[in-house]
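The values are calculated or read from the model by the stated rules, or taken from the named source; none is laboratory data. Since the structure is predicted, the reported quantities are computational estimates derived from the model, not experimental observations. Neighbour counts run over all protein chains shown; Cβ positions are idealised from the backbone, glycine included. Ligands, DNA and RNA are stripped out before the accessible areas are found, and what is left, the full protein with its side chains, is counted by its heavy atoms. Shrake-Rupley method; radii C 1.70, N 1.55, O 1.52, S 1.80 Å.
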Amino acid sequence: MSENKEYVRGRFGNILNYKQAPTQRWEWPGDRYGATGYEVARTIDAKDLGFSVVSLDPGKRSCPYHFHHSEEEMFFVLEGRALLRQGDTENEEQIEVSAGDFISFPAGTEIAHQFSNTSDGPFVYLALSNIVPGDVCEYPDSDKILVRKTRMILRREPKLEYFDGEV
């Protein structure tokens, strides 16, 4: 059970109002990113699903533009509106999303995505994914690759041959 037991209800410790969950503030260098995440899954000890409620600040982006090879992601917009940037290597689009919209990114589709809050108010959404320790995540804008299990971030270039460095 989480150390935040005082907010968890029910005989099985599986009920929590997200507004009582511990929060994590995300602000990265520069002024592009800024959000508050309500750490729901950790608080109620979820094992195979990752989920949180995110409040994206006005004028900010959710995270770097990315896609997953093994994890499936789903978002449900609770309040506000934002631009969803999405696409594969050949086609990209921006679509306004708002309260009530479900957005799905199945694993392995190579559809990168990112929210931008272009409004004056918060953009609040539920973020849900399955947890795959061996997931690989790619970032097309910066040409990076994250190997989740090792927490190693690599650049796509220069590409190496299979036997490079072997004797």
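Below are the figures for this structure:
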| item | result |
| --- | --- |
| Residue that is farthest from the chain's Cα centre (by Cα) [pool: residues in segment 149-167 that are part of a loop (DSSP other than H, G, I, E, B) and under 26 Å from Glu71 (Cβ atoms)] | Leu160 |
| Hits in segment 147-167 (condition: under 20 Å from Cys63 (Cα atoms) and either of a type in the set (D, E, K, R) or in contact (Cβ under 8 Å) with a residue 24 or more places away in the chain (or both)) | Arg148, Lys149, Arg151, Arg155, Arg156 |
| Matching residues in segment 132-143 - criterion: being open to solvent by less than 60 Å² (accessible area, probe 1.4 Å) and on the phi < 0 side of the Ramachandran plot | Val132, Gly134, Asp135, Val136, Cys137, Glu138, Tyr139, Ser142 |
| Unique match (being small (Gly, Ala, Ser), touching a strand residue (DSSP E or B) at 6+ places or on another chain (Cβ under 8 Å), surrounded by 14 or more Cβ atoms within 10 Å (Cβ to Cβ) and farther than 29 Å from Val8 by Cβ) among Ala112, Ala41, Ala35 | Ala112 |
| Residue check, Asp48 out of contact with any Phe, Trp or Tyr (no Cβ under 7 Å at 6 or more places or on another chain) and either surrounded by fewer than 16 Cβ atoms within 10 Å (Cβ to Cβ) or free of Cβ contacts under 8 Å to residues at least 24 places away in the same chain (or both) | yes |
| Of all residues making up segment 8-33, the number that are under 22 Å from Ile131 (Cβ atoms) and either in a helix (DSSP H, G or I) or touching a Lys or Arg at 6+ places or on another chain (Cβ under 6 Å) (or both) | 2 |
| Residue check, Ser129 open to solvent by less than 60 Å² (accessible area, probe 1.4 Å) and not in a strand (DSSP E or B) | no |
| Meets criteria (over 19 Å from Ala35 (Cβ atoms) and open to solvent by 50 Å² or more (accessible area, probe 1.4 Å)) for Glu79 | no |
| Within segment 15-29, considering residues that are open to solvent by 70 Å² or more (accessible area, probe 1.4 Å) and modelled with pLDDT under 90, the one farthest from Lys60 (Cα to Cα) | Pro29 |
| Exclusive hit being under 27 Å from Asp45 (Cα atoms), open to solvent by 50 Å² or more (accessible area, probe 1.4 Å), modelled with pLDDT under 95 and of a type in the set (D, E, K, R), set Arg151, Arg156 | Arg151 |
| Candidates Phe67, Phe102 - the one that is of a type outside the set (Ser, Thr, Tyr) and either surrounded by fewer than 16 Cβ atoms within 10 Å (Cβ to Cβ) or touching a helix residue (DSSP H, G or I) at 6+ places or on another chain (Cβ under 9 Å) (or both) | Phe102 |
| Residue check for Phe76: modelled with pLDDT of 95 or more, of a type in the set (A, V, I, L, M, F, W, C) and touching a Cys at 6+ places or on another chain (Cβ under 8 Å) | no |
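A quick yes/no check of all residues on (1) in a strand (DSSP E or B); (2) touching a residue at least 40 places away in the same chain (Cβ under 8 Å); (3) among the hydrophobic types (A, V, I, L, M, F, W, C):
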| site | (1), (2), (3) |
| --- | --- |
| Ala35 | yes, no, yes |
| Pro58 | no, yes, no |
| Pro64 | no, yes, no |
| Ser70 | no, yes, no |
| Phe76 | yes, yes, yes |
| Ala82 | yes, yes, yes |
